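Quick notes on the structure that follows.
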Amino acid sequence: MDRYPRRRPERKPRGVTPSRSLARLRWILALVPIVLAAGTTYAALRTPLLTVQSVNIEGASALSDKELAIVSGLQGASLLNPPVEDARARLLQIPQVREVSFRRDLPRGLTLRVEERLPAAFWSVGEIDYLVDAEGMVLGVGRADGGVPLILETGVDRSLSPGERVHPDAIALAVRIARQAPRVLNQGVQSLEYRSGQGITVVFAGGLRVTFGDERSYEYKVAVLTRLLESLSAEGKTARSVDLRFGERVTYE
């Protein structure tokens with residue numbers, strides 16, 4: 001028997017070792033500047049001194065400045081990094097807006113320069129007149145007043161909505177003929193018609209119907225029509241309709 005019993009080893013109290021405690025403290029102290037910087041940055045971005053306080057509109061005549069500013073969503077946005085691309089995308093969804101640019105207005109404003117679409121013609125279909133621009137964009141419903149040409153789409157019965165498009169090449173040709181016919185052909189234009197697959201047909205003031213089709217070889221078509229009308233007039237004849245769509249193969253009645 002052991003006369004000198006062994007002493008049990010003393011147990012150390014459970015807890016965090018000094019080395020772990022020191023490491024945790026250092027980690028917390030390292031986070032403090034980051035948290036403070038983030039908080040300061042957030043507060044700075046939210047302060048009125050660094051947000052857009054005014055949105056000014058330039059170039060708008062048919063559209064409301066107030067509504068454009070609201071749609072842009074820039075009021076109160078960050079002045080350091082304003083979301084102009086998002087604003088541009090929203091504004092371009094308005095059919096009457098063709099392009100938008102932005103400019104800073106010091107000290108705390110932004111200016112939106114709006115380029116509106118200009119009416120080029122009335123496109124009439126389904127007994128409704130729609131105002132359209134040169135690119136065929138439907139701007140809205142209107143009433144033909146003689147300020148711009150009216151193009152009657154035949155062979156269909158449909159409705160259009162702002163933002164839809166019609167045939168831009170047909171608009172370009174119709175506008176060109178309406179402007180030049182009195183001077184080049186000595187003919188006043190009574191009406192302009194468009195039919196899918198056939199193109200533009202002009203009804204002149206005297207009742208003559210001339211189908212031009214599209215704008216290709218326009219000058220050649222005008223020259224051929226002029227010579228044909230002069231030749232028929234010399235023979236004491238008149239034509240009721242002329243088809244210029246097929247180059248040299250001109251047909252008339």
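Read-outs throughout are calculated quantities, based only on the coordinates presented, and are distinct from any laboratory measurement. These figures come from a predicted structure and were not determined experimentally. All Cβ positions, glycine included, derive from the backbone under ideal geometry; neighbour counts span all protein chains shown.
D for the stretch 202-253, whole µm²/s, Stokes-Einstein with Kirkwood Rh over alpha-carbon pairs at 4 °C and 1.567 mPa s: what number?
116
What nm value, rounded to one decimal, do you get for the distance between ALA223 and SER161 when each label is placed 7 Å out toward the C-beta?
4.7
What are the radius of gyration and Dmax of the stretch 43-114, computed over its Cα atoms and given in Å?
Radius of gyration, then largest Cα-Cα span, for the stretch 43-114: 11.9, 40 Å.
Using only the alpha-carbon atoms of the stretch 163-253 as identical scatterers, what base-10 log of I(q)/I(0) does the Debye formula give at q = 0.10, 0.13, 0.23 Å⁻¹?
The Cα Debye sum returns log10 ratios of -0.24, -0.40, -1.26.
So for the pair SER78, ASN56, with labels modelled 7 Å out along Cα→Cβ, what separation do we get in nm?
2.5
Please report, in whole Å³, the volume per residue of the convex hull around the C-alpha atoms of the stretch 97-253.
So the per-residue hull volume is 136 Å³.
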